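Notes for the one structure printed next.
The values are calculated or read from the model by the stated rules, or taken from the named source; none is laboratory data. Remember, it's a predicted structure, so these values are computed and weren't measured experimentally. Note: ideal-geometry Cβ built from the backbone for every residue, glycine included; neighbour counts use all protein chains shown. Ligands, DNA and RNA are stripped out before the accessible areas are found, and what is left, the full protein with its side chains, is counted by its heavy atoms. Shrake-Rupley method; radii C 1.70, N 1.55, O 1.52, S 1.80 Å.
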Amino acid sequence: MSERYQAILLFGAPGAGKGTQGLLLGNIPGFFHMSTGDMFRTLDHNSEIGQLFDQYSARGELVPDEVTIKMWSEYVHAQTVLSLYKPKQDLLCLDGIPRTVAQAHSIKEHIDVRGIIHLVAPNPEEMVMRLQRRAIEQKRVDDAKIDVIRNRLDIYERETRPVLDQFDPNLIHEVNAIGTPAEVLGGILRVLAPIQATAHTTVPN
Ligand code: AMP
């Protein structure tokens, strides 16, 4: 097996703040943020895959696993070729992947997971409100309708939450998702700073 990328996963329900926190982390030297939602949203809407994404995301559904993993691995490779992501120096912060058990199995070939940040919000209604606010601010059609939001939350419970069972529980760190971005980031960095300090000093198997 070729060397795997050292990675941390940002995990949590839609609206938990993975994207906001991922962007903040991505501005800290040594972290490289990669969001699959952003990857899909930048696709040409007239391309075959862009149209496929539009169909699924409009219903709040997940893009099929095979397409997602293929796109993701090509995308991450492209970032290394462009020298934007430097695998020997940076911790890859994955936001939005893996989102199914099948994706977790496939992606383990490519990544060595050093830690999982599970952003937890005690009140799911808070997530719904956040999603609606964001839909208006960022003109995200997939989050604008309440039935699409409910579908996204159902799919999270059914398909994404079981992904956590695929990893060593010692890797999983719950962080309170409620608070200002700085407060939440503080909780995340308390976990990630020690992980970053030891990353790349051990050789992944
Ligand atoms: P996000 O911005 O992470 O909520 O993603 C927006 C949309 O992109 C999702 O509703 C899915 O349609 C698609 N998407 C993002 N990541 C994945 C993934 N890992 N697997 C399948 N679909 C995804």
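Among the listed residues S35, S83, identify the single one that is small (G, A, S) and within 16 Å of the chain's Cα centre (by Cα). Outline the logic, then answer.
Numbers: S83 fails: within 16 Å of the chain's Cα centre (by Cα).
So the residue among S35, S83 that is small (G, A, S) and within 16 Å of the chain's Cα centre (by Cα) is S35.
Got a number for residues in the range 174-186 being without any contact (Cβ under 8 Å) to a residue 60 or more places away in the chain and either within 15 Å of the ligand (Cβ to nearest atom) or buried (at least 18 other Cβ atoms within 10 Å of the Cβ) (or both)? Full working, then the answer.
Narrowing the range 174-186 to residues without any contact (Cβ under 8 Å) to a residue 60 or more places away in the chain: 174-176, 178-180, 182-183, 186.
Checking which are either within 15 Å of the ligand (Cβ to nearest atom) or buried (at least 18 other Cβ atoms within 10 Å of the Cβ) (or both) leaves us with 175.
Count: 1.
Residues being within 13 Å of I116 (Cα to Cα) and either outside any helix (DSSP H, G or I) or charged (D, E, K, R) (or both): count how many of those fall in the range 159-189.
Summing the residues that are within 13 Å of I116 (Cα to Cα) and either outside any helix (DSSP H, G or I) or charged (D, E, K, R) (or both) in the range 159-189 gives 8.
Count, please, the residues in the range 17-26 that happen to be open to solvent by 20 Å² or more (accessible area, probe 1.4 Å) and either more than 10 Å from the ligand (Cβ to nearest atom) or over 20 Å from N176 (Cβ atoms) (or both). Even if it seems obvious, please write down each step before you answer.
Going residue by residue through the range 17-26, those that are open to solvent by 20 Å² or more (accessible area, probe 1.4 Å) are 18-20, 23-24, 26.
Then drop every residue that is not either more than 10 Å from the ligand (Cβ to nearest atom) or over 20 Å from N176 (Cβ atoms) (or both), which leaves 20, 23-24, 26.
Residues flagged as open to solvent by 20 Å² or more (accessible area, probe 1.4 Å) and either more than 10 Å from the ligand (Cβ to nearest atom) or over 20 Å from N176 (Cβ atoms) (or both) within the range 17-26 amount to 4.
List the number of the failed condition for W72; all other conditions in (1) buried (at least 17 other Cβ atoms within 10 Å of the Cβ); (2) more than 10 Å from the ligand (Cβ to nearest atom); (3) under 12 Å from the mean Cα position of the chain (by Cα) hold.
(2)
Being acidic (D, E), over 16 Å from the mean Cα position of the chain (by Cα) and not in a helix (DSSP H, G or I): is that true of E109 here?
Details: acidic (D, E): yes; over 16 Å from the mean Cα position of the chain (by Cα): yes; not in a helix (DSSP H, G or I): yes.
Yes, satisfied.
Quick check on my filter: what residues within the range 78-106 are assigned to a helix (DSSP H, G or I) and loosely packed, with under 13 Cβ neighbours inside 10 Å?
So in the range 78-106, the residues assigned to a helix (DSSP H, G or I) come out as 78-81, 101-106.
Selection gives A78, V81.
Restricting the range 27-69 to residues that are near the ligand (Cβ under 8 Å from one of its atoms) and either more than 22 Å from V101 (Cα to Cα) or assigned to a loop (DSSP other than H, G, I, E, B) (or both), which is modelled with the lowest pLDDT?
Filtering the range 27-69 for residues that are near the ligand (Cβ under 8 Å from one of its atoms) and either more than 22 Å from V101 (Cα to Cα) or assigned to a loop (DSSP other than H, G, I, E, B) (or both), the one modelled with the lowest pLDDT comes out as G60.
What's the total number of residues in the range 133-158 that are open to solvent by less than 70 Å² (accessible area, probe 1.4 Å) and part of a helix (DSSP H, G or I)?
We begin by selecting, within the range 133-158, every residue open to solvent by less than 70 Å² (accessible area, probe 1.4 Å); these are 134-135, 140, 142-144, 148-149, 151-153, 155-156.
Remaining after also requiring part of a helix (DSSP H, G or I): 134-135, 142-143, 148-149, 151-153, 155-156.
Of the residues in that region, 11 qualify.
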